[in-house]
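Here's the structure we're looking at; comments come further down.
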Amino acid sequence: MECDKWSPFSERIDLSQVKTDFHERGYIRVDGFLSSNEVDQIYEQLKRYRSEVVHRLPPGDVFYEDKINENSIIRLERMHTHDNFFTELASSSVFNGLIDHLIGESCKPDNVQWFSKPPGAKETPPHQDGKYFMHCKAVTLWLALDDVDEETGCMYYVPYSHKLGLLEHCKTDVIGFSQALVEYPDNMKSSEVKQEVQAGSLLGHHAYMVHRAGNNRSTTRWRPALGLTYWAKSVYEDEELMKEKQQYQQSLNQKLIESDRL
């Protein structure tokens, strides 16, 4: 795989600064993390994945804006379990190992996702990933595959919110984002930091970081991004938690199938 030849994260970042940013404000930002050539290679693999893999994915691993339109994919899940390139990418030294330094535990890839955010796509409501994970020993990396700005629905972080612990959430009808904060108070709205980034830039956040993404107001531009989630290996030893997580996912998928949304 080509990504095996890419330089490791240790040569792409100031690890000391990244660790400081993560622990103090709850998120990291590395502009120009990947080169344009590396981003192009991921794009080529995504095109192949869509043509060769998507048609055989199980319910819950592909989400459509319009179920009968195969070109309206808005999200792909667990790509590393279906394709060697994305398995290798998540396991490569480009990303793998970074989260170990951030949370102080040995970690492994738990998910590789693709978010397309097409023109007109709805906003992603304020939430914490830890609500879905059911634990906080995890970090989500978010890799921009194209330039992202306010118009196309960039990310917003609320600095230091990871120190608040898990906040109360409620269910939503947003496909792929079934949970949102019950309250998003004015002090969070006023302190959120807009993350307009260029293709190849890397964001990453604590499981309790409050974040959201705007709607895509553009009529022509998509906002593609790759998400890579890493969990502490110790989490997988908690059989009760893993069982509860699986049951929740199965229940969620079943409801989406019944409502004809998967």
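Every condition in (1) touching a strand residue (DSSP E or B) at 6+ places or on another chain (Cβ under 6 Å); (2) more than 22 Å from M209 (Cα to Cα); (3) buried (at least 19 other Cβ atoms within 10 Å of the Cβ) holds for F9 except the one numbered (1).
Cβ-Cβ contacts under 6 Å between residues 6 or more apart (or on different chains), taken from a first residue in segment 153-173 that is of a type in the set (F, W, Y) to a second residue that is in a strand (DSSP E or B), are listed as Y156/K194; Y156/R212; Y157/Y27; Y157/V193; Y157/H211. Tell me whether segment 233-253 contains one or more residues that are closer than 25 Å to R29 by Cα and either open to solvent by 80 Å² or more (accessible area, probe 1.4 Å) or at pLDDT 95 or above (or both). Yes, because at least one residue in segment 233-253 is closer than 25 Å to R29 by Cα and either open to solvent by 80 Å² or more (accessible area, probe 1.4 Å) or at pLDDT 95 or above (or both). Does Q17 satisfy being free of Cβ contacts under 8 Å to residues at least 24 places away in the same chain and either in contact with a Pro (Cβ under 6 Å, 6 or more places away or on another chain) or open to solvent by 40 Å² or more (accessible area, probe 1.4 Å) (or both)? Spelling it out, Q17 is indeed free of Cβ contacts under 8 Å to residues at least 24 places away in the same chain and either in contact with a Pro (Cβ under 6 Å, 6 or more places away or on another chain) or open to solvent by 40 Å² or more (accessible area, probe 1.4 Å) (or both). None of K189, K163 is in a helix (DSSP H, G or I), closer than 21 Å to H135 by Cβ, open to solvent by 50 Å² or more (accessible area, probe 1.4 Å) and at pLDDT 95 or above except K163.
Kindly indicate whether any position in segment 60-70 is closer than 29 Å to E168 by Cα, polar (S, T, N, Q) and out of contact with any helix residue (DSSP H, G or I) (no Cβ under 6 Å at 6 or more places or on another chain). Within segment 60-70, none of the residues are closer than 29 Å to E168 by Cα, polar (S, T, N, Q) and out of contact with any helix residue (DSSP H, G or I) (no Cβ under 6 Å at 6 or more places or on another chain).
Among the conditions (1) modelled with pLDDT of 95 or more; (2) in a loop (DSSP other than H, G, I, E, B); (3) under 15 Å from the mean Cα position of the chain (by Cα); (4) of a type outside the set (S, T, Y), the only one that A90 does not satisfy is (2). Taken over segment 78-131, the criterion of being without any contact (Cβ under 8 Å) to a residue 40 or more places away in the chain and open to solvent by less than 10 Å² (accessible area, probe 1.4 Å) is satisfied by M79 alone. Of all positions in segment 239-246, none carries a residue that is acidic (D, E), closer than 30 Å to I42 by Cβ and in contact (Cβ under 8 Å) with a residue 60 or more places away in the chain.
Name the strands (runs of 3 or more DSSP E) wholly inside segment 1-78 in which the number of residues that are modelled with pLDDT of 95 or more is 3 or more.
Because the criterion is at least 3 residues that are modelled with pLDDT of 95 or more, the strands (runs of 3 or more DSSP E) in segment 1-78 that meet it are 27-30.
Residues that are closer than 22 Å to V18 by Cβ, modelled with pLDDT of 95 or more and open to solvent by 10 Å² or more (accessible area, probe 1.4 Å) do not occur anywhere in segment 213-230.
Being more than 17 Å from P224 (Cα to Cα) and open to solvent by 10 Å² or more (accessible area, probe 1.4 Å) is a description that does not apply to E65.
The values are calculated or read from the model by the stated rules, or taken from the named source; none is laboratory data. What you see is a predicted model; the values in this text were computed from it and never measured. All Cβ positions, glycine included, derive from the backbone under ideal geometry; neighbour counts span all protein chains shown. Heads up: the accessible areas ignore ligands, DNA and RNA and are worked out on the full protein's heavy atoms, side chains in. Shrake-Rupley method; radii C 1.70, N 1.55, O 1.52, S 1.80 Å.
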